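What follows is a set of notes on a single structure, which appears directly below.
The values are calculated or read from the model by the stated rules, or taken from the named source; none is laboratory data. Since we're looking at a predicted model, the values are computed, not measured. FYI the Cβ positions are ideal-geometry reconstructions off the backbone, even for glycines, and counts take in every protein chain you see. Heads up: the accessible areas ignore ligands, DNA and RNA and are worked out on the full protein's heavy atoms, side chains in. Shrake-Rupley method; radii C 1.70, N 1.55, O 1.52, S 1.80 Å.
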Amino acid sequence: MHAKKHTVVNEDASNSNWNELTDVIDEALKQHCFSMVYQPLISVQSGKVVGFESLVRCESPTFGVISPCDFIPCAEQSGQILELGSWIFQQALLDLKRMRNQGMQNICLSLNVSPVQLLHTNVYEQLMSLIIELNIPPSAIKLELTETALIHDPQTICKVFNAFKQEDVQIWLDDFGTGFASLSLLRKFNIDGLKIDRSFVNGIADNNDDFTLCSAVIAMAQRLGLHIVAEGVETESQLQILSQLGCDVVQGYLLGKPQTLEKNLSLWS
Ligand code: C2E
Ligand code: MG
Ligand code: MG
Ligand code: MG
C-alpha cells in the first residue's frame, strides 16, 4: 500500500512543492535513504551523558540532504510518517540496545513521536513489542511529543499515554513554550518532563524576557516534580545560567552535536 494514497491529516494538499516532496520521501523510503543520528543529553551536575535523542536524517539520491523540519511535516500530512515512524522506532531501539551493550548500560533514549503516529497507528503495541524483544527496560524510553500533539484528540492521546505510563515508559513535552498547551494539560496528561525550547535558551544570557521565561519554567517544573531538559545550549554562559537555575539536564551543540551511532560509541563508551 502506498502511504501517500491515504491522507491522514486533513489539510489542503494542493501545494505542488509538497506533492514533489511526497515523491522524494517515497523514493527515499524505497531506497533506504533515511538514517538516524543521536545527540547526547548531559547531566549538569555530573557532566556525564544520561541519554541520547534520536533524530532522523534523509539524503535523497535526487535532492541531496533534506531537513526533518521539511520532510516530517510533509510525511505527517501524507501519512508516510506511519511507515517512516515504524522504521525509526526499530532502528533507534536497536541502536539503543547496542549502546547499552557497549559500555553505556544505563543510557536512555528520547524518541520523537508524531501525533499522527499516536492517532493512526498502534504505536503502543509497536514500541512495547520492540522493548520486550530487545529486553530494554521501558523506563529507558522517553517519548517526546509537542504541545500541539495534545490538543488534537486529547482523549485518545490520554489513553495511549496511560497505557505507556503503566509500563513505565516516560512521556515528555518537546519544544515547551512554543505551542498552545495550557498548564492544566501538564497535570491531565501526567507528563514526566519538559524540554525548554531552544528559542528561549538562545537568549537566556542576554535577553531579560528569555531569562525570566526559562527561570519560571524551571521553577514550575521543580514545584510540579517534573524533569527538565534545556535544548539548544550553545555557549558556556547559557550553560552556567541554566546550572544556576537548577536545570537537570542540557542538550546542545556546546555539549555534543547529533552524530551517528558509531561516532557516539567511540566518543562516549
Ligand atoms: P526537536 O525534537 O526539537 O529536535 C531538536 C532539534 O534541535 C534537532 O534538529 C537538533 O539537531 C537541533 N539542535 C540540537 N542542539 C542544537 C543547538 O545547540 N543549536 C541549534 N541551532 N540546533 C540544535 P533536527 O535534527 O533538524 O530536527 C528538527 C525537528 O524535526 C525535531 O525537533 C523534531 O521535531 C523533528 N524530528 C527529528 N527527528 C525526528 C524523528 O525521528 N521523528 C519525528 N516524528 N520527528 C523528528
Ligand atoms: Mg525532540
Ligand atoms: Mg525540541
Ligand atoms: Mg523542535
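Is at least one residue of segment 189-202 in contact (Cβ under 8 Å) with a residue 12 or more places away in the chain, within 24 Å of Lys159 (Cα to Cα) and open to solvent by 50 Å² or more (accessible area, probe 1.4 Å)? Full working, then the answer.
Within segment 189-202, the subset in contact (Cβ under 8 Å) with a residue 12 or more places away in the chain is 189-202.
Keeping just the survivors that are within 24 Å of Lys159 (Cα to Cα) gives 189-195.
From what is left, the residues that are open to solvent by 50 Å² or more (accessible area, probe 1.4 Å) are 190.
Checked against the condition, which is being in contact (Cβ under 8 Å) with a residue 12 or more places away in the chain, within 24 Å of Lys159 (Cα to Cα) and open to solvent by 50 Å² or more (accessible area, probe 1.4 Å), segment 189-202 yields at least one hit.
If the requirement is being part of a helix (DSSP H, G or I), among the aliphatic types (A, V, I, L, M) and either within 14 Å of the chain's Cα centre (by Cα) or surrounded by fewer than 21 Cβ atoms within 10 Å (Cβ to Cβ) (or both), which of these qualifies: Leu119, Leu150? Spell out the reasoning first.
Working: Leu150 fails: either within 14 Å of the chain's Cα centre (by Cα) or surrounded by fewer than 21 Cβ atoms within 10 Å (Cβ to Cβ) (or both).
Every option except Leu119 fails the conditions.
Quick one: count up the residues across segment 221-267 that are within 16 Å of ligand 1 (Cβ to nearest atom), in a helix (DSSP H, G or I) and farther than 17 Å from Phe211 by Cα.
Adding up the residues that qualify gives 4.
Which of the residues belonging to segment 153-180 are away from ligand 2 (no atom under 16 Å from the Cβ) and either open to solvent by less than 20 Å² (accessible area, probe 1.4 Å) or among the aliphatic types (A, V, I, L, M) (or both)?
Restricting attention to segment 153-180, the residues satisfying the condition of being away from ligand 2 (no atom under 16 Å from the Cβ) are 153-168, 180.
Passing the criteria: Ile157, Val160, Phe161, Ala163, Phe164.
Only residues that are surrounded by fewer than 18 Cβ atoms within 10 Å (Cβ to Cβ) and under 15 Å from Leu109 (Cβ atoms): list them for segment 122-132, please.
Gln126, Met128
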